[in-house]
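The values are calculated or read from the model by the stated rules, or taken from the named source; none is laboratory data. What you see is a predicted model; the values in this text were computed from it and never measured. Neighbour counts run over all protein chains shown; Cβ positions are idealised from the backbone, glycine included. Keep in mind that these areas ignore ligands, DNA and RNA; they rest on the heavy atoms of the full protein, side chains included. Shrake-Rupley method; radii C 1.70, N 1.55, O 1.52, S 1.80 Å.
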Amino acid sequence: MNDAILKVTDLKKHFSQGKGVMSFLQKQTIPAVDGVSFEVNSQETLGLVGESGCGKTTTGKLILKLSQPTSGSIVYDGIDIVPMTNRNFRPMRSKIQMIFQDLDAALNPKMRIGQILSETIKIHHKELDDSAVNTRMYELLEMVNLKKNKLSNFPSELSGGEKRRVGIARTLSVNPKFIVADEPTSALDVSIQAQVINLMVDLQKQLGLSYLFITHDLRLMELVSHRVAVMYLGRIVEIGGAKQVAKHPHHPYTEILWSSLHVKQSKTIVKAPKLANTAAWDVFDFSSEDQGCRFAPRCPIFAEKGQPDQCKQQAPTLKSCGEGHQVACHFPL
Amino acid sequence: MSTSPLLKIENLRTYFYSRAKQAFIRSVDGVDLEVNKGDTLGIVGESGSGKSVTMLSIMGLIAARPGIISGEVWYQGEKRINLLDGLKDHLNVTEENGRVMGIEKEDAQWQRRLEANMEGIRGKEIAMIFQNPKSAMNPFFTIGHQIVENIIKHTPYKAREEAKDRALYWLDRVKIDSPKLRFFNHPYGLSGGMCQRAMIAMALSSEAKLLIADEPTTGLDATIQSRIADLLEELREQTGVTIVIISHDMGVIGRLSNKIAVMYGGRVMESGPSAAVIDHSDGKSHPYTEALLKSIPKEDNLSTQGHLNSIDGEVLDTINVPKGCRFATRCQRINKSIEERCKSEEPPLADVSTGHKIRCWLYAD
């Protein structure tokens, strides 16, 4: 096995939010990321999957130091980046990069594509002169299969797939080794999505990149990632090889996630598995006591076993259940 | 049982004008579709293929000019009417070699005529579920208020109390938990899935015969998507409403609909029963549909290098529409014997088996 390029241990991020009319007195903390640990090996893609609001994107932002964690450590290449000041972290920024979810917001609408790309190169490589910057820019365009004449366009004149390529080119311009890809294809059509994914897979091989791939598209996740981590309300509930997690899930939540997919894929209509509490499905409630398993209110096993005290009182920790496969559940499947 | 379809679209064309490029954008360019009573028609295609614009045209919701420039939309309600009746009188289209060169339109009269045609149809007979429920609903009013408003306008329940009971009934019907509480929520107070449910409740509350769902599951989580699809399926079984569902997700379309139309570049490329379109029960398929199906991330679609199958190139630019087949530049099944024909002449939408039509020279004869 390769060495871990990124090692995240017990990462926590709690947001505080005012509660009610006396909001300045009563603060409610929202544990968006609550004790997440994982490793990403070099040249590996780790998929991070979960519903919206489960803390996927926040985890990505913490790794990039776009947001300061409440506690925990993020070790990149042997260096813990959490205690670093932003100034000290700056040289590391060229090693860890992010592909943002919403490119309409990430690309400056008043700058031409050429300016957007050259700006990044100039900031991180001050020694380069104009012609060297241009050469580098053309190299990047070739890498992402974008035509040179697009350099004089504004982002609004490009299609979704082209904007995505510009985003990837800008990310690559500083020679990163680790990329956090936050829903890179969520707004694209299937045909264009395939183009972008193929590009990302190729670049990984060419440049030896490692990805943290954040998405809620399970089908894509299963195919692109080497390993998958499933998150539920700020905690990782299952982590393991992509095929293993998809084919033999041990956590009831993973099982439900994937079965909702199989129902959708199959041509003959199969009824979705019955949930214990459908009403609870739409609502996340962080305000309830932070004890026990967070999935319990929606868990079919919890209901089946007659609401055992263990689930109510003790939060399950990740336990091994096969080679490189861990699950956080008192009664794994 | 009447023989005529519930909705029949003939040669619908909706154009827009691009001032920057000084040319017409041919968003919908001669679409023919039929929806029978009780059917669920799925319309698939990439973004920019004209799916949504077709449906917005039917609802008379195209605001930008020139908008709808030709076509007929026959709706079979109590009597058969053309929703675009008489609009031609206020429109002057100059064409040259089948290409639209100029459009003159008397906007005010045109709009007035359309509104007159739509009276009692839009919202009452044909209801729509919009793509983004959060922006489709008015953020200043509670969802309850908005549903009640719809009920009072379109159904015999005219008293406010009566209408409120009815609204609660529909909220319950779409499985919103504690409808009495949610009734007083504003759209922003609801999660994406719940907002979508409220939107469906609103559309159904007028007891429409035809429901148009524009990307009802896009932007929702996988689990919620599957639940919304379940809900639509259940409601169709219970109420017998006819549904037109627009999506770029073959999975959703394949699951919900019994008829499918595939659109590309403002035209219908293939239409027929879903068994024929998705499962190729008659062994014939349009190259575009095939490519779309292949690009779905699935294990069987993965090549040896771990690549997904993609459709090369970009979606057709509907300003410079080629003379020949619109898909020719991206087509994988184009071969020497037909290449010339594909590039010079547009294929007709030809019958290949019962109810299955394909627009491709491979099947034209």
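Within segment A:123-140, is there a residue that is hydroxyl-bearing (Ser, Thr, Tyr) and either within 11 Å of chain B (Cβ to nearest Cβ) or within 28 Å of B:VAL44 (Cα to Cα) (or both)?
No, there is no match, as no residue in segment A:123-140 is hydroxyl-bearing (Ser, Thr, Tyr) and either within 11 Å of chain B (Cβ to nearest Cβ) or within 28 Å of B:VAL44 (Cα to Cα) (or both).
Would you check if A:SER191 is within 14 Å of chain B (Cβ to nearest Cβ), touching a Ser or Thr at 6+ places or on another chain (Cβ under 9 Å) and open to solvent by 50 Å² or more (accessible area, probe 1.4 Å)?
Criteria not met by A:SER191.
With the requirement that a residue be part of a helix (DSSP H, G or I) and more than 9 Å from every other protein chain (Cβ to nearest Cβ), what does segment B:248-259 give you?
B:ILE253, B:LEU256
Given the condition free of Cβ contacts under 8 Å to residues at least 60 places away in the same chain, over 22 Å from B:VAL73 (Cβ atoms), assigned to a helix (DSSP H, G or I) and in contact with a helix residue (DSSP H, G or I) (Cβ under 7 Å, 6 or more places away or on another chain), answer yes or no: does some residue in segment B:125-140 qualify?
no
Does at least one position in segment A:108-119 carry a residue that is under 25 Å from the mean Cα position of the chain (by Cα), touching a residue at least 60 places away in the same chain (Cβ under 8 Å) and away from chain B (no Cβ under 14 Å)?
no
Of all residues being at the interface with another protein chain (Cβ under 7 Å from one of its Cβ atoms) and part of a loop (DSSP other than H, G, I, E, B) in segment B:293-305, which is most open to solvent (accessible area, probe 1.4 Å)? Just the residue, please.
The extreme case among them is B:LYS298.
Restricting attention to segment A:77-115, which residues are within 14 Å of A:VAL166 (Cβ to Cβ) and in a helix (DSSP H, G or I)?
Result: A:LEU103, A:ASP104, A:ALA105, A:ALA106, A:ILE113, A:GLY114, A:GLN115.
Can you tell me which residues in segment A:116-128 are over 26 Å from A:ILE74 (Cα atoms) and either assigned to a helix (DSSP H, G or I) or at pLDDT 90 or above (or both)?
A:ILE116, A:LEU117, A:SER118, A:GLU119, A:ILE121, A:LYS122, listed by residue number.
Could you please find all residues in segment A:231-248 being touching a Phe, Trp or Tyr at 6+ places or on another chain (Cβ under 8 Å), more than 11 Å from every other protein chain (Cβ to nearest Cβ) and either aliphatic (A, V, I, L, M) or open to solvent by 20 Å² or more (accessible area, probe 1.4 Å) (or both)?
Listed by number, the residues that qualify are A:LEU233, A:ILE236, A:VAL237, A:ILE239.
Taking into account only those residues within segment B:306-354 that are among the acidic types (Asp, Glu), within 14 Å of chain A (Cβ to nearest Cβ) and farther than 21 Å from B:VAL31 by Cβ, which is most open to solvent (accessible area, probe 1.4 Å)?
B:ASP312
Return yes or no: is B:ILE245 assigned to a strand (DSSP E or B), within 14 Å of chain A (Cβ to nearest Cβ) and closer than 30 Å to B:ILE176 by Cβ?
Criteria met by B:ILE245.
Condition first: small (Gly, Ala, Ser), open to solvent by 20 Å² or more (accessible area, probe 1.4 Å) and away from chain B (no Cβ under 14 Å). Now tell me which residues in segment A:146-188 satisfy that.
Within segment A:146-188, just A:SER152 meets the criteria.
List the number of the failed condition for B:THR242; all other conditions in (1) without any contact (Cβ under 8 Å) to a residue 12 or more places away in the chain; (2) touching a Lys or Arg at 6+ places or on another chain (Cβ under 8 Å); (3) under 23 Å from B:LYS37 (Cβ atoms) hold.
Result: B:THR242 fails condition (1) only.
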